[in-house]
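The values are calculated or read from the model by the stated rules, or taken from the named source; none is laboratory data. The structure presented is a predicted model; accordingly, all values stated were derived computationally and were not measured. Neighbour counts run over all protein chains shown; Cβ positions are idealised from the backbone, glycine included. When the accessible area is computed, the model is the full protein with side chains, heavy atoms only, and any ligands, DNA or RNA have been set aside. Shrake-Rupley method; radii C 1.70, N 1.55, O 1.52, S 1.80 Å.
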Amino acid sequence: MEQLETVDESKPLAYDKNFKGPIKDRSCTDIICCLLFLIFIVGLVVVAYFAFQYGDPRLLVYPVNSNNEICGYGKQLGKPYLLFFDLVACGRMGVGVFVKGCPTPQICISACPTENKVLIPGVDAKADFKYCKDGVDATTSSKTENALLSDEDCARYWFASKPLINRCVPSFLIDVLEKGADMATAAANATASDASGNSYDSSMIGNSLDVYGTFLKAKEYGEKIIEDVWTAWWMILIGLFLAMVFALVWIIIMRWIAGFMVWFTIIAFLGLFGFSTAWTLYQYYELKDTSDSFHIQFSVIQMTMSKPKLFLAFGIISGVILVIALLILLILCSRIRIAISLIKEGSRAVGTMMFTLICPIFPFALQIVVVGFWLTVAVFLASTGRNQSFDFNNNSSEYRYPNGSYNYENIQKATSAFFGKACDNTSLSSSEFCTFLKNQEENFVIYSQIFNLFMMFWLVNFVVALGQMTLAGAFASYYWAFEKPRDIPAFPILSSLWRCFRYHLGSLAFGSLIIAIVQMIRVLLEYVDAKLKGKENPVAKFFIKCLKCCFWCLEKFLKFLNKNAYILIAAHGKNFCTSAKNAFMLIMRNIVRVVVIDKVTDFLLFISKLVVVAFAAATSYFFFDGRIDFLSSFTPSLNFYVVPIVLVTLGSYVIASCFFSVYEMAVDTLFLCFLEDLERNDGSPEKPYYMSKDLRKILGKKNVMAPSEKKEF
């Protein structure tokens with residue numbers, strides 16, 4: 001065993017008489033990475049505790065006034081609604097208002113207006129100035145009516161409104177939603193003017209506020225969609241169950257139809273380009289003595305092309321593609337047959353170990369839990385950064401706000417009194433203490449969000465790696481069983497899962513950490529790219545695009561290498577780096593076979609997913625559209641029949657991806673084992689091949705059994 005680890009990795013693997021499949025006596029691998037992973041998990045728990053202790057997601061829903069104070073909290077206690085001084089100006093920003101916010105003043109009020117009103121200086125008294133900024137009392141202000149309005153200290157107009165998500169929304173907008181009224185008609189009786197006194201006519205008001213009407217319609221559609229899902233939820237589940245059964249049946253029959261699908265596609269491809277070549281060249285010979293031409297116009301550019309030359313060009317291109325395809329087919333014919341045989345063997349392996357089809361359910365559920373946990377923590381963290389003023393009337397701690405965050409002013413006073421010095425006195429640590437308390441929460445939130453995102457990437461990739469290694473161990477047990485299924489060990493999936501948890505958590509953490517780091521770099525590049533938008537710096541944009549492309553390719557390569565490393569870890573029990581190196585060298589020694597098997601498998605899986613999704617979509621369409629007569633009595637009455645159809649279609653794609661990921665892992669594992677089998681063994685009684693008879697037949701190899709053995713695998 002020691003000699004095997006020192007051989008030249010560029011040479012084929014040497015025979016190992018002790019290797020009979022996944023090694024049971026193995027040791028823990030990559031322990032340092034395992035400890036690092038556990039430390040980071042503890043860090044995530046600390047961040048989550050901080051978020052849940054001091055965050056409140058409801059604060060993200062409540063509106064904030066122009067002073068960044070939450071309506072209904074702190075100084076704004078008893079004023080839960082937000083009023084915009086110039087809602088028309090906000091609407092004129094279009095959908096950008098939902099991204100950038102409204103640029104006009106916004107104040108918290110106790111109740112939304114119940115009337116339409118436009119203030120006219122000299123006509124309306126200061127007592128009519130109902131809605132002004134905090135600290136501004138129009139009746140006692142020394143400013144004139146004109147100054148109060150032009151300085152935007154008070155609202156110049158307001159509409160009769162109703163609260164919507166604690167925002168005061170004009171009542172006629174609600175009528176547009178509930179009664180289907182036209183926006184221009186609904187706004188006909190509304191009048192308004194800007195801070196300078198320029199009047200808005202009804203058409204301008206209607207057009208400006210139409211963006212809010214779009215939002216309200218979207219809200220209505222959302223409610224109807226939820227209602228449809230609630231009505232048809234059990235029918236959607238039945239549709240997904242049928243998609244699951246169909247995917248299972250399709251995987252089982254792949255052993256019989258895989259070859260037909262591949263060869264039919266190849267023949268169809270050759271036939272298509274053969275016909276294209278013949279037809280275009282025939283057209284060329286028919287028209288070569290004519291002056292027929294095509295006239296093509298693109299904007300101001302006009303082109304005239306000769307028909308004979310065009311057909312000749314297409315004929316030559318088609319002929320070249322046909323010749324290249326034929327040469328590739330002749331060269332790779334045996335390798336295509338090997339790929340088909342391995343795909344069939346993968347179907348047999350899945351059929352022998354049916355419980356492998358259940359395996360993806362658990363990693364998928366864990367990934368949903370991880371993403372859900374990340375999103376929850378992110379929302380709670382975001383809410384800790386909301387600015388609030390201390391509520392002296394609330395029964396909260398003297399040094400806490402209602403949501404649990406610190407009141408820095410009171411802390412500063414308390415620490416100053418305690419130390420007997422002002423917080424700006426640097427002779428003692430009180431100044432640093434106050435500054436730290438004032439800045440720690442804001443900085444901690446930013447860093448915590450970054451750490452939370454990184455841990456989400458790490459954990460998701462860890463779950464994926466765990467599923468891949470578990471399946472790899474089970475399928476490796478299948479391949480290295482000399483007589484199948486007799487020699488397959490009992491409970492191969494559970495045994496493989498136990499080995500993952502008992503010995504290889506560090507290797508799983510190592511591989512997933514590498515992917516997570518690359519993904520974080522890609523997120524950083526996306527952030528930088530977003531910041532560069534609108535900037536006139538083509539050189540920087542070019543380099544960012546190049547880096548994004550390079551790291552995308554790097555992530556794809558690392559995922560491919562990691563998966564093959566997990567296969568060898570599951571089989572041999574070595575650490576991640578050694579397994580990744582061995583997998584890479586094994587692949588490079590068989591690069592042509594790898595490319596062929598990879599592309600043939602990708603093609604078959606694409607066709608298979610397409611068939612499953614098409615079956616689910618067609619079945620759900622005919623059912624929910626009432627076209628299945630004997631089931632028409634079960635067809636529900638829905639607002640949008642497309643909703644359950646889309647959900648079934650998307651759900652069937654997820655199910656098909658989960659099922660065929662098992663199939664893909666089976667083929668990849670069997671393929672690497674097949675390559676090892678070819679290099680380690682020679683078919684002699686001492687070193688027999690473990691591959692199937694079909695593969696031995698394609699390769700022209702056979703097992704020479706000892707005279708005492710009567711039965712050949």
Out of all the residues in the range 599-612, is one or more aromatic (F, W, Y), farther than 30 Å from V249 by Cβ and open to solvent by 30 Å² or more (accessible area, probe 1.4 Å)? no
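Would you point out which residue out of W250, W279, W263 is over 23 Å from V600 (Cβ atoms) and of a type outside the set (S, T, N, Q)? If you could, list the steps in order and put the result at the bottom.
Numbers: W250 fails: over 23 Å from V600 (Cβ atoms); W263 fails: over 23 Å from V600 (Cβ atoms).
That would be W279, the only listed residue that is over 23 Å from V600 (Cβ atoms) and of a type outside the set (S, T, N, Q).
Across the range 521-567, what is the number of residues that are assigned to a helix (DSSP H, G or I), open to solvent by 40 Å² or more (accessible area, probe 1.4 Å) and not charged (D, E, K, R)? Step through it out loud before you land on a result.
Initial filter on the range 521-567 (assigned to a helix (DSSP H, G or I)): 521-532, 538-567.
Okay, now just the ones that are also open to solvent by 40 Å² or more (accessible area, probe 1.4 Å), so 521-524, 526-528, 530-531, 538-539, 541-543, 545-554, 556-557, 559-560.
Checking the rest, the ones that are also not charged (D, E, K, R) come to 521, 523-524, 527-528, 530, 538-539, 542-543, 546-547, 549-554, 557, 560.
Residues meeting the conditions: 20.
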Suppose the filter is open to solvent by 60 Å² or more (accessible area, probe 1.4 Å), over 27 Å from P360 (Cβ atoms), among the hydroxyl-bearing types (S, T, Y) and at pLDDT below 85; does Y689 pass it? no
Please specify each residue of the range 357-385 satisfying the condition of being at pLDDT 85 or above, crowded, with 20+ Cβ neighbours inside 10 Å and closer than 18 Å to A247 by Cβ. P363
Check on D668, buried (at least 23 other Cβ atoms within 10 Å of the Cβ) and acidic (D, E): yes
Which numbered condition in (1) free of Cβ contacts under 8 Å to residues at least 60 places away in the same chain; (2) under 22 Å from D30 (Cα atoms); (3) surrounded by fewer than 17 Cβ atoms within 10 Å (Cβ to Cβ) is the only one that K581 fails? (1)
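For the range 62-174, give me every one of the strands (runs of 3 or more DSSP E) that falls completely inside it and has 2 or more residues that are of a type in the set (V, I, T) and at pLDDT 80 or above.
Details: elements: 81-84, 106-109, 161-164, 167-170.
So the answer is 106-109.
Assigned to a helix (DSSP H, G or I) and under 15 Å from L471 (Cβ atoms), is that true of G372? Working first, answer last.
On the way: assigned to a helix (DSSP H, G or I): yes; under 15 Å from L471 (Cβ atoms): no.
No: the conditions fail for G372.
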Would the range 570-577 turn up any residue that is assigned to a helix (DSSP H, G or I) and more than 16 Å from L670 (Cα to Cα)? yes
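Residues I514, I493: which one is at pLDDT below 95 and either touching a Ser or Thr at 6+ places or on another chain (Cβ under 6 Å) or part of a helix (DSSP H, G or I) (or both)?
I493
State yes or no: is L699 modelled with pLDDT of 85 or more and either closer than 16 Å to A474 by Cα or open to solvent by 40 Å² or more (accessible area, probe 1.4 Å) (or both)? Steps first, answer last, please.
Values: modelled with pLDDT of 85 or more: no; either closer than 16 Å to A474 by Cα or open to solvent by 40 Å² or more (accessible area, probe 1.4 Å) (or both): yes.
When the stated conditions are applied, L699 does not pass them.
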